[in-house]
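Any read-out appearing in this document is the output of simple, stated calculations on the displayed coordinates, not a laboratory observation. What you see is a predicted model, and the numbers here were worked out from it, not measured in a lab. Here the Cβ is made from the backbone with ideal geometry for all residues, glycine too, and neighbour counts use every protein chain on show.
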Amino acid sequence: MSETIVIAGAGLMGTGIAHAFASSGFATVLVDTNASALTRAKNEVTEILGSGVKLGKLAAADADSAAKRLSVSTDLVASCRGAALLIETVSEQLALKKAVIAEAQPVLAADAVIASNTSALSVTEIATAVPCPDRVIGMHFFNPVHKMKLIELVMGLDTSEATIAKAREYAEKIGKTSIVVNETPGLTTSRMSAMLGNEAMYMLLEGTASAEDIDTALRLGLNHPMGPLELGDMTGWDTRLAVLKYLHQTLGERFRPCPLIIKMVASGRIGRKAGRGVYVYEDGKKIPGSGLKAQVL
């Protein structure tokens, strides 16, 4: 495919999204100001492709081709010149997201789609950074991107039908199912997931059950693939806390962050990426029996 896709932000989500496009035939550029983050992301994509080959899901030649289609850069403007799609995946800070798309927009293709992977912020507000808000849309991917099939397409006030159609087409081309969501704080899944994780933390704080038992209850009792505390560790409690604060501010008291989350973030127990969250991790793997014990109010 001749179109170039640019992913801004080489964190967990940006890496997964870059893999999705590169492995689906698109020339893909992953951009970040941190060169070491780019190296790490490139290695992670190589590992995902290698795992696909080992599992027999991907031919070695296809994995090699996908790896060659992915390039990395620290220069956003140079990478975006003539690109057909920009997806920003930088941290959940409105000012930063607006700065990224404002810098990239002048050099993108005239009809390029400008997408944000935000899970909670206003697409309408993000779109005020550019003179073409009709081309701005939310494309909310899920982690891990190579396993999760859903993309939420989020409409801002000015998002055009043409932009929605193009975004849905991109989703189909990388093997994802998309739903269209009117902009609202927390969208659909982030809103429900934040409430579930927050309630699980309140249960832990109140001494209802241990972390392991709360997670087991959701996995086996409600058939969730992962418990809410395990999911919070994977997402990062710092990210979860930021989302809860925003939802509390915009949607009210039912989203007030659990004090235990605030305490954990303050202590640096933010999840798997820090090696400690609700659980303790070694080489990225959860240590059995390491979950926080039921607390006492």
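Here are some notes:
- Computed over the Cα atoms of the range 30-83, the ratio of the radius of gyration to the Kirkwood radius (Rg/Rh) comes to 1.07.
- Of the residues A274, A102, L12, the one whose Cα sits farthest toward the positive end of the charge dipole of the chain, with +1 on the Cβ of Lys and Arg and -1 on the Cβ of Asp and Glu, is A274.
- Reachable aspartates and glutamates from K97, criterion Cα separation under 15 angstrom, eight or more residues apart if same chain: D32, E88, E125
- Amide H within-cut-off set for G156, under 5 Å, with H built and near neighbours excluded: G138
- Spacing of the modelled spin labels on S91 and L222, each 7 Å from Cα toward Cβ, amounts to 3.0 nm.
- For the range 190-286, average projected area of the Cα convex hull in nm²: 5.9 nm²
- Within the listed set A127, A60, A171, the residue fluctuating most in the Gaussian network model of the chain (springs between alpha-carbon atoms under 10 angstrom) is A60.
- Principal semi-axes of the equivalent ellipsoid, √(5λ) from the alpha carbon gyration tensor of the range 75-178, are 19, 15, 14 Å from largest down.
- Between K42, K54, K273, the GNM of the chain built on Cα springs shorter than 10 angstrom shows K54 fluctuating the most.
- With Cα atoms, 0 to 90° folded angle of helix 189-206 axis to the chain main axis: 20 degrees
- Spatial separation of Cα centroids for the range 237-259 and the range 1-58, in angstrom: 31 Å
- DSSP-defined beta bridges in the chain - what % are antiparallel, rounded to 5: 20 percent
- All-pairs Cα distance distribution in the range 134-266, expressed in whole percent, bin size 5 Å: 2, 10, 17, 18, 18, 15, 10, 6, 3, 1, 0
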